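Enquirer: Structure provided below as structure tokens; questions to follow.
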Amino acid sequence: MTSAAPYIVLRAEKLTKAYPVGRGRRLLALDGVDLEVAAGETLALVGESGSGKSTLARCALRLVEPSGGEVWINGRPVRPLGAMALAALYREVQMVFQDPNASLNPRMTVRQVVHEPLRLHLSMPAEKRERRAQTLMDMVGLTAAHLDRYPHELSGGQRQRVGIARALAAEPNLLILDEPTASLDVSVRGQILELLRRLQVELGLAYLFISHDLQVVRHMADRVAVMYLGGIVESGPTREIFERPLHPYTRALLSAAPVARFGAKRQRLRLAGEIPSPIDPPDACRLVGRCPLQQESCASRRPPLLNVGAGRTLACPVALA
Ligand SMILES: Nc1ncnc2c1ncn2[C@@H]1O[C@H](COP(=O)(O)OP(=O)(O)O)[C@@H](O)[C@H]1O
Ligand SMILES: [Mg+2]
């Protein structure tokens with residue numbers, strides 16, 4: 001039996017974002033990123049703060065206009081869409097933000113928050129909206145009584161549940177979760193992660209799950225893509241990446257994390273110095289000057305992200321040799 005190619009819900013090709021920062025200089029927040037998320041899977045995007053994870057999420061949805069490249073959502077190119085078509089697209093893909101406090105309007109009750117997408121995307125009449133709102137509360141572990149509350153009357157965990165209910169209201173098949181538990185108390189993080197896992201199975205959702213927390217990523221993701229300074233340096237199945245990281249940056253990132261918990265036997269690898277500036281970077285590997293494996297060729301061009309088999313990609317010819 002041959003298995004059909006997976007249905008791709010999100011595809012980005014050479015996605016680029018450069019912010020002008022004065023005197024003709026450009027901050028390259030995204031440098032030609034290729035990415036695919038298949039239906040029903042969780043792709044985690046990991047990387048240190050400032051590596052471009054949020055920019056990637058926002059550019060994929062055109063919440064921020066990309067400087068270049070293409071994005072397809074459920075097979076449709078996003079770039080040509082006008083405002084109306086773009087608004088309709090947000091039925092299929094929704095974002096959950098890091099800070100539910102900042103992403104919920106303090107003047108809106110939970111009912112208003114949850115009814116809004118039902119009205120906008122599905123043109124549901126009021127009675128049907130209310131039934132759906134109650135179902136959504138139930139799905140995210142809240143009750144109908146919470147519909148009358150304002151965000152400030154809820155705990156951080158409850159607010160994020162409302163953020164998730166709002167995102168799910170119009171039945172998208174892809175959620176982009178940008179550090180969804182980073183602003184929450186450690187004690188409620190696990191509950192929200194479990195909720196997300198359960199909803200994914202029940203609803204067949206795909207997640208682009210953004211996090212800098214390797215523990216969380218290992219728990220949540222089917223596949224992992226590692227970002228460094230605006231580019232993906234390595235990707236592959238979660239277990240493979242954690243147990244046999246190939247890119248020196250990934251190896252350093254995992255070395256810095258508590259090793260015992262990942263149970264991988266590998267040599268520790270440290271990078272020298274600090275992350276360089278993303279402003280006007282040279283056409284070279286971004287690890288030049290920091291990498292113990294560095295060779296002359298690393299400084300002469302930026303290594304492309306290549307398929308290295310077993311569902312893995314890698315932007316380091318030296319690590320492979
Ligand atoms: N509006 C902006 N103007 C200029 N630079 C920005 C802007 N937004 C983000 N950046 C820069 O882009 C880079 C990537 O940022 P971001 O996507 O927020 O990273 P992450 O989410 O991985 O922490 C950082 O260097 C950041 O300072
Ligand atoms: Mg971010």
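Enquirer: Looking at region 12-21, which of the residues that are away from ligand 2 (no atom under 16 Å from the Cβ) and open to solvent by 40 Å² or more (accessible area, probe 1.4 Å) is farthest from Ile176 (Cα to Cα)? It would help to see each step written out before you state the result.
Expert: Residues of region 12-21 away from ligand 2 (no atom under 16 Å from the Cβ): 12-14, 16, 18, 20-21.
Subsequent filtering for residues that are open to solvent by 40 Å² or more (accessible area, probe 1.4 Å) retains 13-14, 20-21.
On the way: Glu13: 17, Lys14: 19, Pro20: 26, Val21: 28 Å.
Of everything passing the filter in region 12-21, Val21 is farthest from Ile176 (Cα to Cα).
Enquirer: Does Leu43 meet the test of being in the same structural domain as Met227 (by TED's automatic domain parsing) and surrounded by 20 or more Cβ atoms within 10 Å (Cβ to Cβ)? Please lay out each step first, then the result.
Expert: Values: in the same structural domain as Met227 (by TED's automatic domain parsing): yes; surrounded by 20 or more Cβ atoms within 10 Å (Cβ to Cβ): yes.
Yes.
Enquirer: Identify, by number, the condition in (1) farther than 30 Å from Val318 by Cα; (2) hydrophobic (A, V, I, L, M, F, W, C); (3) not in a helix (DSSP H, G or I) that Ile210 doesn't meet.
Expert: All conditions pass for Ile210, except number (1).
To keep it simple, each residue is scored yes or no on (1) outside the structural domain of Asn74 (by TED's automatic domain parsing); (2) touching a His at 6+ places or on another chain (Cβ under 9 Å); (3) modelled with pLDDT under 95.
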residue	(1), (2), (3)
Met124	yes, yes, yes
Glu130	yes, yes, no
Met137	yes, yes, no
Val140	yes, no, no
Tyr150	yes, no, no
Gly157	yes, no, no
Arg161	yes, yes, no
Ser183	no, no, yes
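Enquirer: Mind checking which residues of region 159-185 are more than 16 Å from ligand 2 (Cβ to nearest atom) and either of a type in the set (Phe, Trp, Tyr) or on the phi > 0 side of the Ramachandran plot (or both)?
Expert: Answer for region 159-185, where residues must be more than 16 Å from ligand 2 (Cβ to nearest atom) and either of a type in the set (Phe, Trp, Tyr) or on the phi > 0 side of the Ramachandran plot (or both): just Glu171.
Enquirer: Here is a follow-up. Of Ser49, Ser54, which residue is within 12 Å of ligand 1 (Cβ to nearest atom), buried (at least 17 other Cβ atoms within 10 Å of the Cβ), in the same structural domain as His219 (by TED's automatic domain parsing) and among the polar types (S, T, N, Q)? Even if it seems obvious, please write down each step before you answer.
Expert: Details: Ser49 fails: buried (at least 17 other Cβ atoms within 10 Å of the Cβ).
The match here is Ser54.
Enquirer: Any residue in region 88-103 that's at negative phi and among the hydroxyl-bearing types (Ser, Thr, Tyr): show its pairings with residues that are assigned to a helix (DSSP H, G or I) and surrounded by fewer than 20 Cβ atoms within 10 Å (Cβ to Cβ) at Cβ separation under 8 Å, as long as the two are six or more apart or on different chains.
Expert: Matching pairs, first to second residue: Tyr90/His121.
Enquirer: With the condition being within 16 Å of ligand 2 (Cβ to nearest atom) and under 28 Å from Ala182 (Cα atoms), I'd like the helices (runs of 4 or more DSSP H) fully within region 31-130 carrying at least 3 qualifying residues.
Expert: Numbers: elements: 53-60, 83-89, 100-103, 110-122.
In region 31-130, the matching helices (runs of 4 or more DSSP H) lie at 53-60, 100-103.
The values are calculated or read from the model by the stated rules, or taken from the named source; none is laboratory data. Note that the coordinates shown come from a computational prediction; the quantities given were computed from them, not determined experimentally. FYI the Cβ positions are ideal-geometry reconstructions off the backbone, even for glycines, and counts take in every protein chain you see. Ligands, DNA and RNA are stripped out before the accessible areas are found, and what is left, the full protein with its side chains, is counted by its heavy atoms. Shrake-Rupley method; radii C 1.70, N 1.55, O 1.52, S 1.80 Å.
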